[in-house]
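Notes follow the structure.
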Number of protein chains: 2
Amino acid sequence: MTLKEKIKTEEKIILAAEEIFLKKGFDGARMQEIANKASINKALLHYYYRSKDKLFLAVFRSLAPKIFPPVFRVLTTDLSFFEKIEQVIINYINLLKVNPRLPLFIMSELSKKSESIIEIMQETFENMDFNPLQLFKEELQNEIDKGNVINIDYQQLFVNIISLCIFPFVGKPILKIIGFENSEKEYDEFIENRKREVPKFIINSIKISK
Amino acid sequence: MTLKEKIKTEEKIILAAEEIFLKKGFDGARMQEIANKASINKALLHYYYRSKDKLFLAVFRSLAPKIFPPVFRVLTTDLSFFEKIEQVIINYINLLKVNPRLPLFIMSELSKKSESIIEIMQETFENMDFNPLQLFKEELQNEIDKGNVINIDYQQLFVNIISLCIFPFVGKPILKIIGFENSEKEYDEFIENRKREVPKFIINSIKISK
DNA sequence: GTCTATAATGTGATAGAC
DNA sequence: GTCTATCACATTATAGAC
């Protein structure tokens, strides 16, 4: 068996495990189902990853960075503050359209407070080459000082922005039940519109018109 | 054994089951753990509820109504539109402070798309004596027509409001990791402040000053 | 590396005494 | 109604052939 094929098997396992863990969480996932999805034998999972725990940690480690970093990199550019907010939101919603199950997965698993999972998440942020929250704080203070933005707490505004991006994906099932469009296509449109509506909503609220 | 004591045992079971299911979800919960928490024998769980499934459905049925109805009842009062928004937010945040795990629980379980759970959620809404989303739509249109509020889609605004209330509870673990106050007390303060900040943020965004 | 077969354990559920 | 003891099965994990 060549090296190339070994990588291929390991990759197949990780992709299958990602899909199953994302859909069912650690507790709901079954090694057999992951093996089936990867079209291999169950014993091979243990050959490569020794245990369900270790396989899960590998998956979590690869998914953790997706929840924030790429999105907030735009804060390091030289766009205007309002353009940055708009770009963060558009990028974030686009990211979540590709990984709609990611937020619920990360938050469910983190809520179990397992030591190892929290450590992985912490390492993920320590390994970033910039601190999004700190950067955001400074940029915001700058705009407040210049009189472009109302005096608002950076943590409150930061949470507002990500709430408005993430929640529609986490809350989709319940929103559908309480009377949102039932077809997938209509819900997609609703999400698509948010790329325009959310920046408008936020900037409306904080911008000082001169 | 008197009727009163029977009710007491059933109640003990439901309370214990609520706590464990809320914390660990259906898949992560163990009947043994629920029995321990209720200080009874595991066999007694089955005597009262026959199966884990049925016990879970009983718990879910009792929790489902808490996620929305009481909060939006204020829409039926004769307060002004902006006061109603403020009251919805304050009431909702207060509700979530008492049940911080409720949103993640409901959304995790709904995301599994089990027939029976979705049915329960649907029935919960059908049993309400008013339709919050419809009511909200009409009230908003009214204000738009009167020129008090900018022209904004009611679904977008509705989701904005509940996003800003719910997300800080769902996302608490990750927010702590990315650099929010680490002590519980400070996070509580952050949440407490949102009862003032979120209404301001929303009304700022949609109100037309005359 | 990959498979089949099987061990080892965990867990929901039941039988039956009291 | 409540308990102890136990079953039946699902699931993780390993042994060993190829």
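The values are calculated or read from the model by the stated rules, or taken from the named source; none is laboratory data. Please read all numbers here as calculations on a predicted model, not as lab measurements. As a convention, Cβ positions derive from the backbone with ideal geometry for all residues, glycine included, and neighbour counts pool all protein chains shown. Each accessible area value is taken on the protein alone, full model and side chains, heavy atoms only, with ligands, DNA and RNA left out. Shrake-Rupley method; radii C 1.70, N 1.55, O 1.52, S 1.80 Å.
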Which numbered condition A:L96 fails, given (1) in a helix (DSSP H, G or I); (2) outside the structural domain of A:Q134 (by TED's automatic domain parsing): (2)
Qualifying residue in the range A:156-173 (condition: out of contact with any Phe, Trp or Tyr (no Cβ under 6 Å at 6 or more places or on another chain) and either over 28 Å from B:E192 (Cβ atoms) or at pLDDT below 95 (or both)): yes
Pair list, Cβ < 6 Å and 6+ apart or interchain, from the range A:30-52 residues that are within 12 Å of A:A17 (Cβ to Cβ) and of a type in the set (S, T, Y) to residues that are more than 7 Å from DNA strand C (Cβ to nearest atom) and part of a helix (DSSP H, G or I): A:Y48/A:E10; A:Y48/A:I13; A:Y49/A:L55
Test: A:E181 is of a type in the set (D, E, K, R) and more than 9 Å from chain B (Cβ to nearest Cβ): no
Extreme residue, nearest to A:D153 (Cα to Cα), among residues of the range B:195-210 that are crowded, with 20+ Cβ neighbours inside 10 Å and within 7 Å of chain A (Cβ to nearest Cβ): B:E197
Filtered residue count, the range B:107-134, keeping only those that are away from chain A (no Cβ under 11 Å) and in a helix (DSSP H, G or I): 2
Test: residue in the range B:150-163 that is more than 8 Å from every other protein chain (Cβ to nearest Cβ), under 28 Å from B:F26 (Cα atoms) and open to solvent by 60 Å² or more (accessible area, probe 1.4 Å): no
Residue identified as within 12 Å of DNA strand C (Cβ to nearest atom) and open to solvent by 10 Å² or more (accessible area, probe 1.4 Å) among A:I40, A:I90, A:I13: A:I40
Test for A:R30: is it of a type outside the set (A, V, I, L, M) and either in the same structural domain as A:P100 (by TED's automatic domain parsing) or closer than 22 Å to A:E126 by Cα (or both): no
Whichever residue in the range A:117-137 is among the charged types (D, E, K, R) and under 30 Å from A:S80 (Cβ atoms) and, among such residues, is modelled with the lowest pLDDT: A:D129
The range A:63-84, residues that are out of contact with any helix residue (DSSP H, G or I) (no Cβ under 6 Å at 6 or more places or on another chain), touching a residue at least 24 places away in the same chain (Cβ under 8 Å) and either more than 14 Å from chain B (Cβ to nearest Cβ) or β-branched (V, I, T) (or both): A:P70, A:R73, A:T76
